[in-house]
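The values are calculated or read from the model by the stated rules, or taken from the named source; none is laboratory data. As the structure is a prediction and not an experimental result, all values here were calculated from the model. Glycine also receives a Cβ, built like all others from the backbone with ideal geometry; neighbour counts cover every protein chain displayed. Only protein heavy atoms, including side chains, enter the accessible area calculation; ligands, DNA and RNA are left aside. Shrake-Rupley method; radii C 1.70, N 1.55, O 1.52, S 1.80 Å.
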Amino acid sequence: MTDEQLAAELAEEAGRHLLALRSTGGAEGKALGALADRAANDILLAGLARWRPDDPVLSEESADAPARLTRQRVWIIDPLDGTREYVEGRSDWGVHVALAVDGRPALGVVALPAQGRLFRSDKVQPPASPPRARPLILMSRTRPCGEAAACAEHLGADIADMGSAGAKAMAVVAGEADLYIHSGGQHQWDNCAPAAVALAAGLHATRLDGTPLVYNRPETLIPDLVIARPELGSRVVDFISSRTGTDGHFDAC
């Protein structure tokens with residue numbers, strides 16, 4: 001089984017279990033979220049331990065193992081990206097499975113189980129030309145972004161909010177949006193799989209200053225990123241750089 005096949009099968013298996021768990025009604029609220037996080041994590045860890053026993057894993061739901069820093073291959077997983085949305089019964093949550101090789105997002109799978117969608121870096125296609133007259137920027141639905149309005153004005157764009165990082169990034173990959181900006185701080189598991197899929201689709205995926213996204217670092221925090229259509233990515237990086245040059249700060253998107 002290839003790495004890509006393994007990642008896809010595990011993400012789909014975890015997604016099916018999460019849908020079934022939510023439909024039973026046995027738990028709700030924070031209890032449901034905690035139960036779902038653990039259950040999906042167990043599925044992914046068990047599969048990786050069986051099929052790739054020599055590879056370390058960095059997971060949101062497990063204690064970090066510093067030994068990963070000595071390895072070239074590291075799986076980076078978010079068993080349930082968008083726990084809030086999952087608990088609320090929404091569809092904008094996902095399962096992330098990625099493999100970083102020498103710090104690069106070598107492959108990624110983002111499953112959006114409640115939407116019946118699976119995005120694989122080895123099978124993704126560039127988004128079609130957008131039918132929109134104005135670009136669409138996605139931002140967090142729970143953390144409104146003051147700078148999103150400035151970005152929208154600069155690009156002549158509209159703004160919409162959405163749940164998990166994976167759902168927002170895949171909306172850009174699918175051509176349903178044109179830009180996803182975040183600067184409120186994420187972790188490697190939040191965006192490694194989405195970045196791998198976006199890059200494979202030919203999209204722009206970098207830090208806000210234009211530097212590459214690098215994984216398997218000691219610090220799991222990744223402060224910011226931009227995923228966008230190529231023709232918009234460089235414009236956004238230049239614009240954000242000009243703004244951060246004035247006060248050194250960019251509000252969370």
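Table for the structure above
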| quantity | calculated |
| --- | --- |
| Residue count, segment 48-75 (criterion: in a strand (DSSP E or B) and over 23 Å from Gly94 (Cβ atoms)) | 0 |
| Out of Ala36, Ala27, Ala31, Ala40, sole residue that is part of a helix (DSSP H, G or I), without any contact (Cβ under 8 Å) to a residue 12 or more places away in the chain and not basic (Lys, Arg) | Ala31 |
| Yes/no for Leu45 being touching a Phe, Trp or Tyr at 6+ places or on another chain (Cβ under 9 Å), of a type in the set (A, V, I, L, M, F, W, C) and either on the phi > 0 side of the Ramachandran plot or not in a loop (DSSP other than H, G, I, E, B) (or both) | no |
| Complete set of residues in segment 160-188 that are within 23 Å of Val74 (Cα to Cα) and surrounded by fewer than 24 Cβ atoms within 10 Å (Cβ to Cβ) | Gly185, Gln186, His187 |
| Lone qualifier among Arg73, Arg22, Arg68 - being basic (Lys, Arg), free of Cβ contacts under 8 Å to residues at least 60 places away in the same chain and surrounded by 15 or more Cβ atoms within 10 Å (Cβ to Cβ) | Arg73 |
| Per-region count, segment 3-17, residues touching a residue at least 40 places away in the same chain (Cβ under 8 Å) and more than 18 Å from the chain's Cα centre (by Cα) | 3 |
| Every pair of residues 6+ apart whose Cβ atoms lie under 6 Å, when the first sits in segment 115-139 and is within 27 Å of Leu18 (Cα to Cα) while the second is open to solvent by 80 Å² or more (accessible area, probe 1.4 Å) | Met139/Asp161 |
| Index of the failed condition, Gly29 passing every other in (1) modelled with pLDDT of 95 or more; (2) over 20 Å from Ala195 (Cβ atoms) | (1) |
| Only listed residue being at pLDDT 95 or above, farther than 18 Å from Met170 by Cβ and surrounded by 16 or more Cβ atoms within 10 Å (Cβ to Cβ), chosen from Asp37, Asp81, Asp102, Asp54 | Asp37 |
| Every pair of residues 6+ apart whose Cβ atoms lie under 8 Å, when the first sits in segment 196-224 and is open to solvent by 50 Å² or more (accessible area, probe 1.4 Å) while the second is modelled with pLDDT under 95 and acidic (Asp, Glu) | Arg207/Asp224 |
| Residues satisfying the stated conditions in segment 225-240, i.e. open to solvent by 60 Å² or more (accessible area, probe 1.4 Å) and closer than 10 Å to Leu179 by Cβ | Arg235 |
| Meets criteria (under 15 Å from Ala205 (Cβ atoms), under 17 Å from the mean Cα position of the chain (by Cα) and not in a loop (DSSP other than H, G, I, E, B)) for Leu118 | no |
